[in-house]
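The values are calculated or read from the model by the stated rules, or taken from the named source; none is laboratory data. On a predicted model such as this, the values are computed, not experimentally measured, just so you know. Virtual Cβ from ideal backbone geometry, glycine too; neighbours counted across all protein chains shown.
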Amino acid sequence: MLSKSELRDLLNRAPKFEDMTSSLRAWARQPGAISREAEKVVAIARKFNEEVTRVHDLKLDARIQQDPEHLPWEIVEEANMRGFYTMFIPRVFGGKGYSLSCAGLFLEEIASACLATANIIGVHYLGFTILTASWNIKMIDRISREVAEGEKQGRPCLISLAITEPEAGTDAQNIELMDRGKLGCGAEKKNGGYLVNGTKIFISMGHVSTWHIVNAYTDLKKGSENTVVLAVKKGMPGFSTGGREHKMGQKGCPASELVFRDCMVPKEQVCFDSTDGQKQARGVKGTNAQMLAYIWGASRMGVASFGTGAARGAFETAREFAGRTEAGGKRLINQEWCQSMLAEMYKNAAASRALYMEATYANGLYGLWKYLNLKPVYYLNRILPSALFDAVGPWICRRRAVTRIARKVAFDRQTDAEIDRVDGWASLAKFAATDAGVKNCHMALEIMGQAGLRHDRGAEKMLRDAKLLQIYEGTNQINRINLFKRLVKPDDPEIEVFSQQAG
């Protein structure tokens, strides 16, 4: 028999048990009711797919092919009417309060029918993610309640994330690369806030969103220590939307250019700056890196659910085709080569789901929604009446002390190992699931042959849509290096990651 000290020593050796699996710990620590929530959100997504997505997906893709300036308002308004934009916002901020641990399953379901539609809904939560990662409770409450009010009034209020820049690309997303990249979105500090000049590109739903959470820099040569997170609202002087990308895939979800020309952002809309970073234990640069890890830990998990949806959608399309198509007087689905390919496709989808759920568990135990998944917090969120949250929530959230406490807990109490775990598993899930999605789309086209190239069959659209997943939220190459950095690299100070020679 092992003694407690021997057991602890063995489990702490690399790889640590916690790095190998989050799901086992989550079963005991997280509320059991989350599984029932998951069943409900999947059912809601399936109903939406039957009534909306599968009716409009090919039509929307074809329309934007003909008219690239068309915006998908019909989908946005339908999603807003069904409450999708408040679904995963906590009730204390005016949302419906479904657990964020269920978000991946919801998005996979939508993505299995149409990736563009999944992004029209899901990218709103990417904006909500960076807002939450600032832990500015006052701004989280203000913007979330505007989203909820927009839902009630039938006026969609979406949030976008604005990090990517024309010449910086992925450099703006990684603390190690930021100071070597060509950052261009500057923020000059003024008495009343920040004066912003620059451009952001590839901003999903930029033309449609009401709020944009923008990363700008007070020193463009040293962005890692001078990042400012700003909430910019549509219609503010000096802010405008520019052109839209003419994409190969996910045409239904616009990728926008955001332009800032002497845009004055008042101090009330500054979510986080270097003054806030100086108050945290890791300092300015360390806290900026931690914020990015919070963001990518959640958002890359979401993209992995998109990839899983693509893998599953391609599998289901190929299986349906094989079941009704004959070759040589025999249905394809009765031929062993086809059965073997369909089994491989099913494996790709199932393995991808297991990976993004592992990343989901890591987030629930150590990441962005750790405290929402604590059993007392979770059940209070479910039990207390919405009227109480609406009456008391805004008053509490306006207190500066609440933001200070939230940051102290969220930033200073998260360990380096927990950061590695959340960010590392998200990168693993992201590149594995999106690669699997593209692979399954190729295999679907192999099974379907020339029929798969017809737009009305859907398979070629799935491949065009899935290919984009390998690029956004950090290219899959970047995510492989990030996984190495977080969970693979031996404890050796001479090993460099994201080094100048790495390219």
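Considering only residues in region 444-468 that are under 19 Å from Ala62 (Cα atoms) and among the acidic types (Asp, Glu), the one that is surrounded by the most Cβ atoms within 10 Å (Cβ to Cβ) turns out to be Asp465. What residue, among those in region 189-208 that are touching a helix residue (DSSP H, G or I) at 6+ places or on another chain (Cβ under 7 Å) and part of a loop (DSSP other than H, G, I, E, B), is nearest to Phe272 (Cα to Cα)? This residue is Gly192.
Regarding region 72-95, can at least one residue be identified that is more than 24 Å from Gln153 (Cβ to Cβ), among the hydrophobic types (A, V, I, L, M, F, W, C) and touching a Phe, Trp or Tyr at 6+ places or on another chain (Cβ under 6 Å)?
no
Residue count for region 416-448 under the criterion of being free of Cβ contacts under 8 Å to residues at least 24 places away in the same chain and under 30 Å from Val497 (Cα atoms): the result is 1.
One residue stands out in region 472-503 among those that are surrounded by fewer than 14 Cβ atoms within 10 Å (Cβ to Cβ) and closer than 30 Å to Met248 by Cβ: the one that is modelled with the highest pLDDT, namely Gln477. The single condition among (1) at pLDDT 95 or above; (2) surrounded by fewer than 24 Cβ atoms within 10 Å (Cβ to Cβ); (3) outside the structural domain of Gly302 (by TED's automatic domain parsing) that Asp141 does not meet is (3). Tallying residues that are under 15 Å from Val123 (Cβ atoms) and touching a residue at least 60 places away in the same chain (Cβ under 8 Å) within region 57-85 yields 7. Listed by first and then second residue, the pairs with beta-carbon distance under 7 Å, at least 6 apart or on different chains, first residue in region 268-283 and part of a loop (DSSP other than H, G, I, E, B), second among the charged types (D, E, K, R), are Gln280/Arg407; Gln280/Asp412; Ala281/Asp412.
Cβ-Cβ contacts under 9 Å between residues 6 or more apart (or on different chains), taken from a first residue in region 458-479 that is on the phi < 0 side of the Ramachandran plot to a second residue that is of a type in the set (Val, Ile, Thr) and not in a helix (DSSP H, G or I), are listed as Tyr472/Thr164. When region 209-234 is filtered for residues that are touching a Lys or Arg at 6+ places or on another chain (Cβ under 9 Å), part of a loop (DSSP other than H, G, I, E, B) and under 30 Å from Ile121 (Cβ atoms), the ones remaining, listed by number, are Ser209, Thr210.
For the subset of region 316-341 comprising residues that are touching a residue at least 60 places away in the same chain (Cβ under 8 Å) and part of a helix (DSSP H, G or I), which member is surrounded by the most Cβ atoms within 10 Å (Cβ to Cβ)? Give the steps one after another, and end with the answer.
Quick first cut of region 316-341, residues touching a residue at least 60 places away in the same chain (Cβ under 8 Å) only: 316-318, 321-322, 325, 332, 338, 341.
Now restrict to residues that are part of a helix (DSSP H, G or I): 316-318, 321-322, 332, 338, 341.
Numbers: Glu316: 18, Thr317: 23, Ala318: 27, Phe321: 21, Ala322: 22, Leu332: 23, Cys338: 22, Met341: 21.
Among those residues, the one meeting the criterion is Ala318.
Residues of region 127-140 include at least one that is more than 21 Å from the chain's Cα centre (by Cα), closer than 25 Å to Val229 by Cβ, part of a helix (DSSP H, G or I) and among the basic types (Lys, Arg).
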